[in-house]
Number of protein chains: 2
Amino acid sequence: MEDDTRQRLLDAAEALFAEHGFADTSLRAITARAKANLAAVNYHFGSKDELIRAVFARRLEPLTGERLARLAALEAGGRAVTVEEALAAFIEPSLRLRREGPHGERFTRLLGRGLIEIPDSLRELPRHHYGQLLERFQQILARTLPHLPPGELRWRLRFTLGVLSFTYIAASPRAAEADQIAGGEERLLQQLIRFLSAGLRAPELDADGAAAPDGRFQQVFDPSRGVVEKARHKI
Amino acid sequence: MEDDTRQRLLDAAEALFAEHGFADTSLRAITARAKANLAAVNYHFGSKDELIRAVFARRLEPLTGERLARLAALEAGGRAVTVEEALAAFIEPSLRLRREGPHGERFTRLLGRGLIEIPDSLRELPRHHYGQLLERFQQILARTLPHLPPGELRWRLRFTLGVLSFTYIAASPRAAEADQIAGGEERLLQQLIRFLSAGLRAPELDADGAAAPDGRFQQVFDPSRGVVEKARHKI
DNA sequence: CAGATAATCAAACGAATGTTTGAATGAGGG
DNA sequence: CCCTCATTCAAACATTCGTTTGATTATCTG
């Protein structure tokens, strides 16, 4: 029983944090679920904060490593990378983890929450785990989208993270299966890439505000040409 | 001083909840900030949960009302609505609130968090405040995007909410001003609409997986035609 | 002004929390 | 078997929390 108690604590914490958040999950709830003694948390992890750190590190370090490796492989390919490829490299490892089972789903829920809701005492975690990855991802996106000024790219990267965060949290694999018409869980990656690549590729805003939302122009889907700009018909 | 203490409590709670979350914000911290007595919370609101409810209701009821009115005005216009118009009607009131001052920014942060992190005892709040609005918005979107099957539309609506949630939380007006090239805060609505409308308008996934992320096709921006699908050059 | 109601106050209450402690038990090695 | 270290345990501790209570103060109205 080398690490059995430790693993059980991590599993229980992961599940309860994902469902109730960090502050609303007590150590007594975790240890009850893990069938362990309350003091085991302090013995194995030192403190609640360290337990939270360990829960993240357990799965996020391999995940981040994989994502970085995927992005590096893209860059080493010696050819221009498409937006779709960059997005797939960034997103697919996390969706695969999510599909591994209940633990994967729980962890990606935590991922989503951890981008938004992190206790004050653990504020370093996002930068620690994501800093390099996001930098790399942004660099690759910048190369695939040379028409975008840096500021606008930064905005769109934020939008992309918002989509991912919400996807991890708000949509379980069960919800994806319920949307049969959309093809269910296996199609989620493609749904995400379809949506995000279109948004990322959208033309830069003109300096004179040509994209004012007053309906003078709209993007429409023309089956022979794809998405194009078209003037509105006057009534 | 009719409602002065009550307003101070709401303001203090709003600020601290936005910064630290609900569970990590104690009533003693709120009352210290509001220069009020601890028991004032129970006198004016009854409980901490009711205070949370009141913080949301104070600004969300007018905001939701305005959003519904904007959407209703669109539908009453007697002509086809564009995606851009629907997005603007849904998003612009919240961005205006956000720009009113620090209180607006705090509240939209709360909005973003409230879509994701809500205490178990307050699980009814999202449906209570958003149910009708999101239904209405989805109906309007379905009409502007008739090429999308319902399941796929539901997914893209989730993605849209993720973008908004993250925008409210992760980007303050100060961050927007820092991105001068992107045009700062006044352009945020346009940035959002540009990104979201492109994503929403993206063609439906084909049943045979034509959008597989293997790089065979990519969407590219052709200045004369807009975003089109193009086969990759072979190396 | 007096009485009633509203609002505030300090203290107390009961519960919950994370951390610590020293004893007890388990495991491994000589 | 004994010793050492690792692990677990129950109890205690100090702190924090939301809620309640009864007294006090403030405000309003006739």
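The values are calculated or read from the model by the stated rules, or taken from the named source; none is laboratory data. Just so you know, these numbers come straight off a predicted model, no measurement behind them. FYI the Cβ positions are ideal-geometry reconstructions off the backbone, even for glycines, and counts take in every protein chain you see. Side chains are part of the model used for accessible areas, which takes the heavy atoms of the whole protein and leaves out ligands, DNA and RNA. Shrake-Rupley method; radii C 1.70, N 1.55, O 1.52, S 1.80 Å.
Name the single residue that is nearest to the other protein chains (Cβ to nearest Cβ) among those in region A:26-84 being assigned to a loop (DSSP other than H, G, I, E, B), more than 16 Å from DNA strand D (Cβ to nearest atom) and touching a residue at least 24 places away in the same chain (Cβ under 8 Å).
If we take residues in region A:26-84 being assigned to a loop (DSSP other than H, G, I, E, B), more than 16 Å from DNA strand D (Cβ to nearest atom) and touching a residue at least 24 places away in the same chain (Cβ under 8 Å), then A:82 is nearest to the other protein chains (Cβ to nearest Cβ).
Which residues, taken from region A:14-42, are of a type in the set (A, V, I, L, M), in contact with a Phe, Trp or Tyr (Cβ under 9 Å, 6 or more places away or on another chain) and open to solvent by less than 30 Å² (accessible area, probe 1.4 Å)?
The answer is A:18, A:30.
Please give the number of the condition residue B:72 fails out of (1) surrounded by fewer than 17 Cβ atoms within 10 Å (Cβ to Cβ); (2) touching a Phe, Trp or Tyr at 6+ places or on another chain (Cβ under 8 Å).
Every listed condition holds for residue B:72 apart from (2).
Go through region B:141-169 and give me each residue that's in contact (Cβ under 8 Å) with a residue 24 or more places away in the chain, open to solvent by 10 Å² or more (accessible area, probe 1.4 Å) and over 11 Å from the mean Cα position of the chain (by Cα).
Matches in region B:141-169: B:143, B:144, B:147, B:148, B:149.
On the given criteria, is residue A:4 within 16 Å of DNA strand D (Cβ to nearest atom), closer than 23 Å to residue B:117 by Cβ and of a type outside the set (Val, Ile, Thr)?
Criteria not met by residue A:4.
Tally up the residues in region B:40-71 that are of a type outside the set (D, E, K, R) and touching a Pro at 6+ places or on another chain (Cβ under 8 Å), please.
2
Among the residues of region A:107-124, which ones are over 15 Å from the mean Cα position of the chain (by Cα) and either crowded, with 21+ Cβ neighbours inside 10 Å or part of a helix (DSSP H, G or I) (or both)?
Those that are over 15 Å from the mean Cα position of the chain (by Cα) and either crowded, with 21+ Cβ neighbours inside 10 Å or part of a helix (DSSP H, G or I) (or both): A:120, A:121, A:122.
If you take the residues of region A:1-25 that are more than 14 Å from chain B (Cβ to nearest Cβ) and assigned to a loop (DSSP other than H, G, I, E, B), which of them is nearest to DNA strand C (Cβ to nearest atom)?
Restricting to residues being more than 14 Å from chain B (Cβ to nearest Cβ) and assigned to a loop (DSSP other than H, G, I, E, B), the top hit is A:1.
Is one or more of the residues making up region B:54-62 within 13 Å of DNA strand C (Cβ to nearest atom) and at pLDDT 95 or above?
No, that holds for no residue.
Looking at (1) near DNA strand C (Cβ under 8 Å from one of its atoms); (2) open to solvent by 60 Å² or more (accessible area, probe 1.4 Å); (3) over 24 Å from the mean Cα position of the chain (by Cα), find the lone condition where residue A:78 falls short.
If we test residue A:78 against (1) near DNA strand C (Cβ under 8 Å from one of its atoms); (2) open to solvent by 60 Å² or more (accessible area, probe 1.4 Å); (3) over 24 Å from the mean Cα position of the chain (by Cα), just (1) comes out false.
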